[in-house]
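Visitor: Structure in structure tokens, see below.
The values are calculated or read from the model by the stated rules, or taken from the named source; none is laboratory data. This one's a predicted model, so the numbers in the text were calculated from it and none came from an experiment. Here the Cβ is made from the backbone with ideal geometry for all residues, glycine too, and neighbour counts use every protein chain on show.
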Amino acid sequence: MNEYLKWLAQTTKSAWWNDSADSLELAAALDHGALGVTTNPVLVCKTLYDTPEYWNPLLEGMDSHLSGDAKTEELIRRVTVSVAARLAPHVVEG
């Protein structure tokens, strides 16, 4: 984890978000004070290609007839829902 982000989380009241849905990066970020995660089509595509062994089980059962925008939206939805579930315990309501 970047030393600056460690410092930011430990010594300031800043809130920061991790700019990746990658499972290992997200775990490290949450351990160091990240309060959110950025997901968008490019980041979702990157994490799906970089760590298929992590995502393949979450993609099982996806409608094989989906294509184009519908398939893209379903992939993004599945990644986003998974990431949101990991963030839930870290959310501070206020």
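Visitor: Just to confirm my filter: which helices (runs of 4 or more DSSP H) fall fully inside segment 1-78 and include at least 3 residues that are touching a residue at least 24 places away in the same chain (Cβ under 8 Å), surrounded by 17 or more Cβ atoms within 10 Å (Cβ to Cβ) and of a type in the set (A, V, I, L, M, F, W, C)?
Guide: It comes to 3-11, 23-31, 41-50.
Visitor: Just for segment 82-94: of the residues that are exposed (fewer than 11 other Cβ atoms within 10 Å of the Cβ) and among the hydrophobic types (A, V, I, L, M, F, W, C), which one is farthest from residue 34 (Cα to Cα)?
Guide: Looking at the filtered set, the residue picked out is 85.
Visitor: Let me ask another. State yes or no: is residue 89 out of contact with any strand residue (DSSP E or B) (no Cβ under 8 Å at 6 or more places or on another chain) and farther than 24 Å from residue 2 by Cβ?
Guide: Judged against the criteria, residue 89 is not a match.
Visitor: Only one of these conditions is not met by residue 47: (1) polar (S, T, N, Q); (2) within 12 Å of residue 79 (Cβ to Cβ); (3) modelled with pLDDT under 85. Which number is it?
Guide: Going through (1) polar (S, T, N, Q); (2) within 12 Å of residue 79 (Cβ to Cβ); (3) modelled with pLDDT under 85 one by one, residue 47 breaks only (3).
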